[in-house]
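The values are calculated or read from the model by the stated rules, or taken from the named source; none is laboratory data. Just so we're clear, the structure is a prediction, and the values are computed from it rather than from any experiment. Ideal geometry is used to build each Cβ from the backbone, glycine not excepted, and the neighbour counts take in all protein chains shown. Ligands, DNA and RNA are stripped out before the accessible areas are found, and what is left, the full protein with its side chains, is counted by its heavy atoms. Shrake-Rupley method; radii C 1.70, N 1.55, O 1.52, S 1.80 Å.
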Amino acid sequence: MAAAGLLGRGPLFLRRSTWRGFSSQSEGEARVSRVLREKFPRASSIRVVDISGGCGAMYEIHIESEEFREKRTVQQHQMVNQALSEEIKSMHGLRIFTSTPKP
């Protein structure tokens, strides 16, 4: 409240419909995660985050998989794009981060 008073504005209210707990996934995040787990069965880590504010138009994807070893970054990203070829049709944007497990 003190910061809001300094700015000359009222208290900040979050709309309940846009808030989610850290452990829950949106339907879109779950769908994209499921497809990636099917396409990259050796992945040690897959994280999908809807960064569009909840509308499912833009995602950030982090994948750590042995399948990326000895492939250049552009090749790794092509693999992810190919895996999500159907889902991408309804997206506005996609951020992809890939890596291989550390030995």
Practice prompt. For residues that are surrounded by 15 or more Cβ atoms within 10 Å (Cβ to Cβ) and more than 18 Å from the chain's Cα centre (by Cα), tally how many sit in the stretch 49-70.
Written response: 2
Discussion item. Give all pairs with beta carbons closer than 9 Å in which a residue from the stretch 42-54 that is more than 17 Å from LEU84 (Cβ to Cβ) meets a residue that is part of a loop (DSSP other than H, G, I, E, B) and open to solvent by 50 Å² or more (accessible area, probe 1.4 Å); count only pairs at least 6 apart in sequence or on separate chains.
Written reply: GLY54/ARG20
Practice prompt. Of all residues in the stretch 66-103, count the ones that are among the hydroxyl-bearing types (Ser, Thr, Tyr), at pLDDT 95 or above and assigned to a loop (DSSP other than H, G, I, E, B).
Written response: 1
